[in-house]
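Report on the following structure.
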Amino acid sequence: MACPQLVDATSAALIEAAASLDAQKLIEHARKLATLNTRFEVALNNIARGLSMFDAEGRLIICNGLYREIYGLPDELTEPGTPFSRIIAYQAAKDGSANTAEDLRRQQLWVTEHAAELQYGKIFTHTHNLPDGRIILVTVQPLEDGGWVDIQEDVTEATLARERITWLARHCPLTEIPNRFHLRERLEEALQCLGSHEKLAVHLVDLDYFKQVNDTLGHAAGDAVLKAVAKRMLATLRENDAVGRVGGDEFAIIQRGISGPEDAARLAERLVKTLNAPYRVLGSNAAIGASIGIAIAPDHGVDSDTLLRKADMALYRMKTCGRGRSYVYRTEDEAVALERMELRSALRDALKNRQLGLHYQPIVDVKAGTVTACEALMRWQHPSLGMVPPSTFIPIAETSGLILPMGEWALHQACHDAAGWRSDIKVAVNLSAVQFDQSDLAISVQRALDASGLDAERLEVEITETALLKCEARTIETLGRLRALGVRLVLDDFGTGFASLNYLRNFAFDKIKIDQSFINEMADRRDCMAIVGAVTGLARTLGIGPVAEGVEELEQLEGVTVAGCQEMQGFYFSQPVPAVEVEAAVAACVSRLAHVSSAGLSAS
Ligand code: C2E
Ligand code: MG
Ligand code: MG
């Protein structure tokens, strides 16, 4: 629109030439005017915006091609002089309006409002949502003579991108359900609307064995399972309820309109059942489970933070007493959680402040009368709590990830200590499932061996049967790599985890340690005695050395010996002792073994 002055000037020159009847000039100015008009037209039709100009009476003066295109206007509506109101009516009809009296009134109102806005003489904008989904931003520039210029810009892409960004900030793109942030918003809204006699429940759902799906079937399968989980949850919930993905394999549900914890427990039960059903993903079958922690408003709190925290405590509590069920928060869980938190931060300091130590317990061969190995058992000397047992701190170390540096430290320390012992005594180090899962264990072990100079054959690594069952694929691979290093593999606590006999064949263990619970009850229960005998026989057939754990008394020693097992460990021979006392403990064991032998027991 920069041209009108030029057009005006050329027109004026044309008129002047006409007045003076100078034909030559007349032709020249007419040509100039035609050229200018063409350029103007080209410019108008090549700007990347729709453009139209109306006069003070609301009649179209001019518009460009894009304007026509945006609104799909027929030629007769783009003729100069077409009333603005007709163009609006045409658009309204295309929108699907029936042009009823009400529609017409609304269109009229729109035109009047538009006119009123023009009165201010300032640029204003409005957005048209076209029926085909396009979004058009219209900028209206009032003109001094009362008319106006409209500029139309197609902002569909930019608007959708903006909407997508806003959506992404509040949803999980994979499952398309609310994320942690949005779910918290929903919870806050629900809490604000909670009537004086109403209750709601917050369920925190943790998927069991999801990691294994990821590890064994790959991340694409893991993603497919997560999507299926979200779908199954949505199908189980009522419209009023909400679900969000609040962590990798953690979901939260807001259940509204319940009358008490029984309603929440019922939903949780249904959820556990539907999530437990097998998943068919990318041509494979996947199995996962779900554990659920529940907190109820207003009973357990009236704000989102408190409720989510308490649901988390309940979930933790659930997981410590098994998985695959639901548990409603109770006040006493607070103390457990607090203790866990305090211990966790103290444990972090313990590692830094060298409060952790290794004690060693001899493992003996009763028949040979020798000590074959010493097992490294971690000890935590807490400044005020005293000696914290591994059964308390190892699970905390495992859930907090601290087990990785702790385990690495134990490996190095044990190899270092053992390098100073007689070369016929091996050292056994306990390894957690988390170490098999998350660290490059074979590399850590090699480093510990290199740093200490200990022969690989003198290192035994113990993995519990339960840990073995938990993380199959990666564990198998790691066990293979450890074996390739020459390290000996020991299956710990055998009989507690229901490992199938196949495991014993496939993993090529060098030793199986029969869990102390069987030795404990051997005297009272004949089946324990039978089990010890059977495991010993089986181990021998497979060429694996059996070891009996927890031998405390002479009768147990006798029983184990009768069952055919000659390697043993237990308080009867020695308590676990600090590194500096290992030599003395070994000597004491040997003299005790000599005593046993002279009493004729080892020969039986
Ligand atoms: P474990 O590997 O089965 O170790 C044997 C446990 O039985 C030790 O308990 C030991 O002190 C105890 N014990 C030995 N002889 C007897 C006996 O005659 N009677 C009784 N009642 N108990 C006996 P501790 O030291 O409390 O360790 C418990 C568990 O903690 C270990 O069981 C092991 O699973 C875990 N643990 C210990 N140290 C470590 C470590 O460095 N890393 C990992 N990942 N776990 C460890
Ligand atoms: Mg052990
Ligand atoms: Mg054990």
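One table, with the values for the structure above:
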{"item": "Label-point separation, ASP263 to ASP55 (7 Å along Cα→Cβ), nm", "result": "6.9"}
{"item": "Residue-span extension gain [ILE443 to GLU102] - 0.36 nm each, minus C-alpha spacing", "result": "114.9 nm"}
{"item": "Estimated vicinal HN-Hα couplings, Hz - segment 340-347 in sequence order (Karplus 6.51, -1.76, 1.60; Gly, Pro = x)", "result": "5, 5, 5, 5, 5, 6, 5, 5"}
{"item": "Share of pairwise Cα separations in segment 38-140, more than 22 Å, in percent", "result": "31"}
{"item": "Relative contact order, percent, segment 217-267 [alpha-carbon distance under 8 Å, six or more residues apart]", "result": "21"}
{"item": "Extension reserve of the ARG162-LEU538 stretch, reckoned as 0.36 nm per residue once the Cα distance is removed", "result": "128.7 nm"}
{"item": "From phi via Karplus (6.51, -1.76, 1.60), per-residue ³J(HN,Hα) for segment 538-546 in Hz, x at Gly/Pro", "result": "4, 4, 4, 4, 7, x, 10, x, x"}
{"item": "Net charge of neighbours whose Cβ lies under 14 Å from the Cβ of CYS415, counting Lys and Arg as +1 and Asp and Glu as -1", "result": "-3"}
{"item": "Average silhouette area of segment 95-208, convex hull of alpha-carbon atoms, in square nanometres", "result": "13.4"}
{"item": "Lysines whose Cα lies under 26 Å from that of LYS511, excluding same-chain neighbours fewer than 8 positions away", "result": "LYS367, LYS426, LYS470"}
{"item": "Additional length obtainable on full extension of the chain from ARG354 to ASP22, 0.36 nm per residue less Cα span", "result": "108.7 nm"}
{"item": "Degrees separating the helix 219-236 axis from the principal Cα axis of the chain, which is the longest one", "result": "80"}
{"item": "Charge dipole (segment 339-598, unit charges on Cβ, about Cα centre) - positive-most of THR536, SER423, GLN569", "result": "SER423"}
{"item": "Reduced Cα scattering model of segment 195-238, Debye log10 I(q)/I(0), q = 0.15, 0.30 Å⁻¹", "result": "-0.51, -1.07"}
{"item": "Residues with amide H under 5 Å from that of GLY257, placed H, sequence gap 5 or more", "result": "LYS199"}
{"item": "Two-decimal log10 I(q)/I(0) for segment 292-340, as the Debye equation yields it once each C-alpha is a single scatterer, q = 0.18 Å⁻¹", "result": "-0.47"}
{"item": "Dmax and Rg, reported as Rg then Dmax, of segment 234-375 (C-alpha, Å)", "result": "21.9, 72"}
{"item": "Förster-model FRET efficiency, 56 Å R0, GLU581 and HIS126, C-beta, rounded to 0.05", "result": "0.05"}
{"item": "Estimated vicinal HN-Hα couplings, Hz - segment 386-403 in sequence order (Karplus 6.51, -1.76, 1.60; Gly, Pro = x)", "result": "x, 7, 8, x, x, 4, 8, 8, 5, x, 5, 4, 6, 6, 8, x, 5, 4"}
{"item": "Cα→Cβ-extended label distance, 7 Å offset, between SER284 and ARG86, nm", "result": "6.9"}
{"item": "All-pairs Cα distance distribution in segment 10-91, expressed in whole percent, bin size 5 Å", "result": "3, 14, 18, 16, 13, 12, 11, 8, 4, 1"}
{"item": "Relative contact order for segment 137-221, counting Cα pairs under 8 Å that sit 6 or more residues apart, in percent", "result": "12"}
{"item": "LEU485 versus SER391: modelled label distance in nm, points set 7 Å from Cα along the beta carbon direction", "result": "3.0"}
{"item": "Residue among GLY407, GLY550, CYS172 farthest towards the positive dipole end of the chain, charges placed on Cβ", "result": "GLY550"}
{"item": "Cα gyration tensor shape of segment 147-279, rounded if a/c is under 1.5, else prolate or oblate by comparing a/b with b/c", "result": "oblate"}
{"item": "Links that overshoot a 19 Å alpha carbon limit, given the list LYS211/LYS319; LYS273/LYS310; LYS211/LYS310", "result": "LYS273/LYS310; LYS211/LYS310"}
{"item": "Förster radius 51 Å - calculated FRET efficiency between ALA419 and SER196 (Cβ-Cβ, nearest 0.05)", "result": "0.10"}
{"item": "Helix 472-485 vs. the chain, principal-axis angle (Cα, 0 to 90°, nearest 10)", "result": "50"}
{"item": "Other-chain or far-sequence residues with amide H under 5 Å of HIS382's (modelled H)", "result": "MET387, VAL388"}
{"item": "Rg ratio (alpha-carbon, reference 2.2 N^0.38 Å) - segment 339-598", "result": "0.98"}
{"item": "Projected-area average for the chain over all orientations - Cα convex hull basis, square nanometres", "result": "45.2"}
{"item": "Amide H partners (placed H, <5 Å) of VAL281, local residues excluded", "result": "ALA286"}
{"item": "Student exercise, the chain dipole from Lys, Arg, Asp, Glu Cβ charges, in Debye to nearest 20", "result": "840"}
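Taken together, the values in this text are just the output of simple stated rules run on the coordinates, not laboratory data. Keep in mind that what you see is a predicted model, and the values were worked out from it rather than measured. Using ideal geometry, Cβ is built from the backbone for each residue, glycine included, and neighbour counts are taken over all protein chains shown.
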